[in-house]
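The structure appears right after this line, and notes come after that.
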Amino acid sequence: MTEESGEEKRTATVKYELEKETELRFEVEASQTVQMELLSGMAEVFGTELTRNKKFIFDAGCKMAVFTWHGCTVQLSGHAEVAYISKDTPMLLYLNTHTALEQMRQQAEKEDERGPRVMVVGPTNVGKSTLCRLLLNYGVRTGRRPTYVDLDVGQGSISIPGTMGALYIERPADVEEGFSVQAPLVYHFGSTTPGTNIKLYNKITSRLAEIFNQRCEVNRRASVSGCVINTCGWVKSSGYQALVHAASAFEVDVVVVLDQERLYNEMKRDLPHFVRIVLLPKSGGVVERSKDFRRECRDDRIREYFYGFRGCFYPHAFDVRFSDVKIYKIGAPTIPDSCLPLGMSQEDNQLKLVPVTPGRDMVHHLLSVSTADSIEENISETSVAGFIVVTGVDLERQVFTILSPAPRPLPKGILLIMDIRFMDLK
Amino acid sequence: MASSCLGSKAQHQPPPPPRSAAGRLETLLQQRLAGRTESCCQIQPRRAIGAARTHAGRELPCASPAVAQLSCTVLELGTAASLSVHMAPKNFFQIILKSRTKSCACAERRSGSCCQRSVWSAFLGAILFCSGNLVKAEWKPREGLVELRSPAGKFWQTMGFTEQGKQCLLPEEAVYMLECGSIQLFYRELPLSIQEAYERLLSHKTVTLLQYQVYSHLKRLGYIVMRFNPCSVLSPYERQLNLESHHQSSGRLNHKRKRSSSSRSKNREENQTKRIPANDEICGRVANNDGSQSQLTSEQNSDWTKKESEEQCPTNEEEQTQDRSCAKLSPKVRDRPQSRTEDHISSKSFKTVERSKWDFVKIAFPNCAFDCSQTLYPKPYKDLLPENIAGQELDVSYWRLRVNQQREKLSRREREQLERECRYKKSVNADRAVRQCCSWQEYKQLLEQRNQQRRSKRPPHLWNDVISPLVQSEKVSSSASLLEQISILRSSHILDGAARPQENTEVMKIDFDVYQADAAANFKKSSPGKPYVRMCVRRFEEQVPDLRAVKQLTYQSEDVPVVFALVDNGDIAFYAFKDFKLPTDMYH
């Protein structure tokens, strides 16, 4: 890695002169903030252009990269842990990927066809989400309206972790907040790894594809702009099969494999020839995220859902009677194969709706509020209206206290319980 | 000797007419009594003796083993009676004593032991106390029944019957009532002792001792026991007229044994072992021909031409021209021809080679993979770029060395699986038909078609003959249905085929209908209703009934469970066969 000014800066304000096609990477120290300002020239953060002389504030743990195509001056003030300028960035490759996609969109527009559908795959910590954000931002900036499909249940960049969803992108992502989440389509998965219920995962994937196709039929612009699909970092065995299934469900045209040749070869082997599969390097700026860090990110994501970005929302806390709601869990608990009755396979239970009796163990669990009106509807394939978290259970009074983004009452009575827990501490 | 007879009666052993058998029984009984719980033997004797004392007002030698035995027996019967519902335990002890003493009158005469005699004389006082209000009855050996001479007591509710205006009792009922001390039985104008009643009334013509033992045992437990009447059960024809509940299981599907079709497409893809060149390779080459700046090595070039020349040996002209046109049109679909023995399945529907929607030669995605020969990408057009971004020429050769930076952690198993896959798993594109698809719709259609063909393309000699494969793949929707198809052992119902004409019903027959005690209040002899169980009395030494016998009995019994009462030297154990279902997949 070539570092031009590699010395760690801990002083209050530092100015960086960036040459063209270089990148300033920095991390924000724990419990610190960093203020960034573009003084001159043009720069972008993951595809979003920076406004000159506007101060952007980044919170603790943020890992940022400011890239410039033309050269610029950036000023950082605060405690940036590592801050260096790197020349070594695959942005040009990513940009060329975008131009190729744009060519496809133009062709689709001309021939009244369906636009490109890209799936980004790769192991964990290679910058899949960042590449998606980049491609989407570039797409929006060239006047398209691509759809972002997030199949990564681990991080959940559209909604909270443990969900899968799709988002129609109309403007570039905010430098600080990311894509503005307005009316996303979210499905409940319930866990942070697809391995817990791969059948449900594949089913929701198919369902999302179906919904996206429906949208494409009515919205010409969405159809031409296509979609960018973010996937899980699990690329072995069942995880890999889920990727192939997603490719087939969405009928993808391009698969971008990040930084793993094995996956590239396997994709070439298992997807039909008309799907273009390309291998791209990961950016040197991608940092390995530890398990703990991922968990923290997840927690932050959920906190942000309830309290808003930097605590701009005030969630409601109220009691809900047990009798007013029905709580279900998708997928019966797995039992060892040896305990199953003859002729029954484990998967038979994976889509089953199991009623959950409210109890103490429900505390801190996240619940999805399903939009379904009755149990007869296909609950696992019904989108989710919102999420609540159980903060207390009173068995005597038969009520539980919840934290909800909206005031009472709950819009619908059917709740789906997640494996994910959230402690409302901060 | 007296004590042994007594003990045997108490246990409802056959009265030993040959005296030689008595000795054996005595030892047997003593063993059994000795095996009983000590504490009972210690407490109960005193109570029994105490009772005797109150009646006789005499001192009794408590050390006598006969007394101990007797009281133990009383205890046993007493506990049985306490379970009984309509036999009040308070006067039970008295009844037992009465019957005991009566029956032992003759035995006692021969007894030499004076202390024993004193015990029995003490008990005799007890009978004399209440012999006046006994119902008198006469044994009629020709009819095989007992006729009552004085009006029946309360027992008439659950026992006896009326014949030609006369109240009669069945032999087992009479013996039981005699044992209970409710009737006095006469034969040829002389009262019968219990032992005599046993000998005279219980025979093969009427009721065997074995059956009587079960009868009296159940009676003591409070059950209402009636003789089983085969006429009360419907005939097969009558049953057919009603609901065919016993035919439930005959309506099952005709499962044929089928064999799986693994041979279905063996010849297909047989020789497709070569690797297909990647599309990119060809893309790069075409780009080269177009005069663009491809960095094709001469080695690759020669390799390519060599392959080309190899391919010139045509077996199928059409195919070849197709190949050529592919190369010109869209190099994507142009692959090294595979073995000529490829399947011709979808050759009709996919004959015309269509262009894929996207021309990825013109739409150049940067690709750092090693199988992609294009390394230089031209500067993108302005209109493709977002504003404020200037595109540039791109050379990926530098980036090629920078992939696979992330180290992959694989477990041993995963590694092995990957290796296996690398070696054996073929590319979907090795299939010519797949290569001719140019969109997902066509590809999915092809897969669907193949699935259907798999079903329809079957050799008739295998599938339409009498012998057919074990498993029909299209009928298998779940593992449960598969298991059902291949199941050789099928579950059956106990009544399957039981309606067949029943030969030698003599082998086994149902002896008693047993009604529950709590029904006693509104029990009617004329319409007893459905029994609780039906009892079949067997000797313990006898063999376990075979399936046919069980079937016949079950059939005779209709929907009432059949219980086998096994008598082992006076001990009665009850057994029943349980019908159970093998677990099945409940979700299908």
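Read-outs throughout are calculated quantities, based only on the coordinates presented, and are distinct from any laboratory measurement. Quantities reported herein were computed from a predicted structural model and do not represent experimental measurements. Quick reminder, even Gly has a Cβ in these numbers, built from the backbone with ideal geometry, and neighbours come from all protein chains shown.
Let me have the relative contact order for chain A, percent, based on Cα pairs under 8 Å that are six or more residues apart.
14 percent
What net charge is computed for the residues neighbouring B:P386, neighbours being all others with C-beta under 11 Å from the C-beta of B:P386, Lys and Arg scored +1, Asp and Glu -1?
Neighbourhood net charge equals -2.
Please list B:523-532, A:413-422 highest first by mean number of surrounding beta-carbon atoms within 10 Å per residue.
Ranking, from highest mean packing down: A:413-422, B:523-532.
Would you tally the net charge around A:T371, using a Cβ to Cβ cut-off of less than 15 Å, leaving A:T371 out, and scoring K and R as +1, D and E as -1? Intermediate results must be reported in sequence, preceding the final value.
Working: positive: A:R207, A:K326, A:K412; negative: A:D373, A:E376, A:E377, A:E381.
That works out to -1.
Could you work out the mean count of beta carbons from other protein chains within 10 Å of each residue's beta carbon in A:361-372?
0
Students often get this wrong, so check it: of B:K205/B:K530; A:K20/B:K362; A:K203/B:K362; A:K87/A:K128; A:K203/B:K444; A:K55/B:K382, which have C-alpha atoms separated by over 24 Å?
Values: B:K205/B:K530 27 Å; A:K20/B:K362 28 Å; A:K203/B:K362 35 Å; A:K87/A:K128 21 Å; A:K203/B:K444 17 Å; A:K55/B:K382 30 Å.
As for pairs spanning more than 24 Å Cα to Cα, those are B:K205/B:K530; A:K20/B:K362; A:K203/B:K362; A:K55/B:K382.
About its Cα centre, how strong a charge dipole does chain A have in debye, to the nearest 20, once Lys and Arg get +1 and Asp and Glu get -1 at the Cβ?
Once rounded to the nearest 20, the dipole reads 400 debye.
Under Stokes-Einstein, with the Kirkwood radius over Cα pairs standing in for Rh, what whole-number D in µm²/s applies to chain A at 10 °C and 1.306 mPa s?
Answer, rounded: 69 µm²/s.
Cross-link list B:K219/B:K509; A:K236/A:K329; A:K291/A:K329; A:K63/B:K357: which exceed 29 angstrom alpha carbon to alpha carbon?
A:K63/B:K357
Among A:S86, A:T51, A:M64, whose Cα lies farthest out toward the positive end of the dipole of region A:13-86, if unit charges sit on the beta carbon of Lys, Arg (+1) and Asp, Glu (-1)?
A:T51
Relative contact order for region A:90-280: what is it in percent, counting Cα pairs under 8 Å that are at least 6 residues apart?
Worked out over region A:90-280, it gives 29 percent.
If you take each beta carbon of peptide A:227-236 and count the beta carbons of other chains within 10 angstrom, what is the mean?
Mean number of neighbouring Cβ atoms from other chains: 1.
Across peptide B:394-404, what mean number of C-beta atoms from other chains lies inside 10 Å of a residue's C-beta?
Across the residues of B:394-404, the mean count of other-chain Cβ atoms within 10 Å is 5.
With a 10 Å radius around each residue's Cβ, average the other Cβ atoms per peptide and rank B:364-371, B:140-147, B:404-411, A:135-142, highest first.
The densest-packed peptide leads the list: A:135-142, B:364-371, B:140-147, B:404-411.
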